[in-house]
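Below is one structure, written out as structure tokens; comments come after it.
The values are calculated or read from the model by the stated rules, or taken from the named source; none is laboratory data. Only a predicted model underlies this, so the values are computations on that prediction, with no experimental measurement involved. Don't worry about glycine lacking a Cβ; one is built from the backbone with ideal geometry, like all the others, and counts go over all protein chains shown.
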Amino acid sequence: MHHNGSPTRILVIGGGFSGLTAGIEAAETGAEVIIVEKNPYLGGRVAQLNKYFPKICPPLCGLEINFRRIKVNPQIKFYTMAQVESITGGPGEYNVRIKINPRYVNENCTACNACAEVCPKERESDFNFGLNKTKAIYLPFEQAFPLRYVLDRNSCPQDCPAPCVEACKYNAIDLNMQAETIEEKVASIVVATGWKPYDASKIDNLGFGKVKNVITNMMLERLASKNGPTGGEILRPSDGKPVEKVAFVQCAGSRDENHLPFCSYICCLASLKHTLYIKEQNPDAEVFIYYIDIRTPGRYEKFFNQVKEQSGVNLVKGKVAAIEQDSESDDVIITVEDMLNMKKIKQKVDMVVLATGMQPEGSEFKVPGLKYAVDGFVVDAEGVYSAGCAKNPMDVAGCGKDSTGAALKAIQIGVRR
């Protein structure tokens, strides 16, 4: 582990479930770890989930343990609102430049909310995919780590008298904070830059952004969450009506040469899980799942059988041709080519959920100095190891195992030199 008597230093790019796992596992063997996260909080996409596989438990149980392990471990440093600007050098001695963007809120913050109460400006909540608004100064979500507010300067008017500064008893708000760049030397790098939902507005025939009450699977995840925009009630966005008929469109953007050419692995399972969320809130609800093939890898087959045997769950093998607004109401009309009966069906529902695929962050934003495959997944090299969804679409449990493997590779770089 030690080379010239000092511990191996590892850079982890991304502070979601995979990055946290890799970083903590490495640090607990004695390595020094630096985690760089672009969001103002750690926890990544898992923090946005209502519940996750395989135990269908809330994400906080998995994340909280990891946050505790970070707090007690002096070997781990983390930077939020940060990005890697350049990587030079090679295995055993990389030089990394990291840009830390201003949060405008310092460590004095106690998350008391006094600033948000007086803030006159609102912004769309990116955490809730635009389903609600927050103030320009806000806490990303109730249990965010670090538990500290952040100011979205893009939402602040130039001439704002800044009542937030006045309202803060702790001198936590500093409007003059500047971006800073730091340099770190590391022996190896774990790339855990994760994924984002495929942009559904690019899929013309599915009506996202044009037809009311067409949402994505991650938006439904937020609607079902206690800390979400509706306090956990699954209500359709246009008028807040509780849903009685919901359609899921599988492979929205996945397995499609024009969009994501690969299978995103998790979306079939997610829709089955969402079906349970809906049936828990309304046992009489009717659910239609339109699919090409249902894929429930490995042990998840059992879960699939459990869901499809529930009453009111209809699985239809068919390609969705069109999604349109009902002319008389906020309902949605979905046209499907039923492959098994070779006929066209029209179905009217309260809400449509598009099971959008997992797109690696590397498809649009590439870290300078790393290698990427054609779809934006990270290509490993000596000293650089991908973890979790930066490598392949996978579920949370898979990310945990994969990240532990990446940590194991990363800690050995110091040993070999």
Legend entry - Number of the exception - ASP159 against (1) more than 29 Å from the chain's Cα centre (by Cα); (2) assigned by TED's automatic domain parsing to the domain that holds GLU37: (2)
Inset, instruction - Taking ARG295 as the residue in question, decide whether it is closer than 19 Å to ASP395 by Cα, in the same structural domain as GLU337 (by TED's automatic domain parsing) and touching a Pro at 6+ places or on another chain (Cβ under 8 Å). - result: no
Legend entry - Of all residues making up the range 303-321, the number that are of a type in the set (D, E, K, R), out of contact with any helix residue (DSSP H, G or I) (no Cβ under 9 Å at 6 or more places or on another chain) and under 19 Å from LYS245 (Cβ atoms): 0
Legend entry - Leading residue by the ranking (nearest to ASN128 (Cα to Cα)) among those in the range 36-89 that are basic (Lys, Arg) and touching a residue at least 60 places away in the same chain (Cβ under 8 Å): ARG45
Legend entry - Close pairs from the range 331-344: first exposed (fewer than 11 other Cβ atoms within 10 Å of the Cβ), partner part of a strand (DSSP E or B), Cβ under 6 Å, at least 6 apart: LEU340/LYS317
Legend entry - Residue tally, condition in contact with a Cys (Cβ under 7 Å, 6 or more places away or on another chain) and part of a strand (DSSP E or B), over the range 320-369: 3
Inset, instruction - Name every residue in the range 395-412 that is closer than 20 Å to VAL367 by Cβ and either among the aromatic types (Phe, Trp, Tyr) or touching an Asp or Glu at 6+ places or on another chain (Cβ under 8 Å) (or both), in order of residue number. - result: SER403, ALA407
Inset, instruction - State the number of residues belonging to the range 380-417 that are modelled with pLDDT of 95 or more, in contact with a strand residue (DSSP E or B) (Cβ under 6 Å, 6 or more places away or on another chain) and closer than 17 Å to PRO59 by Cβ. - result: 1
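Filter the range 236-274 down to residues that are farther than 28 Å from GLU309 by Cβ and modelled with pLDDT under 90 and give me whichever is surrounded by the fewest Cβ atoms within 10 Å (Cβ to Cβ).
Only one residue tops the list, namely GLU257.
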Legend entry - Unmet criterion (only one of (1) surrounded by 16 or more Cβ atoms within 10 Å (Cβ to Cβ); (2) more than 16 Å from MET81 (Cβ to Cβ)) for GLN158: (1)
Inset, instruction - Give the number of residues within the range 213-265 that are over 21 Å from ILE323 (Cβ atoms), hydrophobic (A, V, I, L, M, F, W, C) and in contact with a helix residue (DSSP H, G or I) (Cβ under 6 Å, 6 or more places away or on another chain). - result: 1
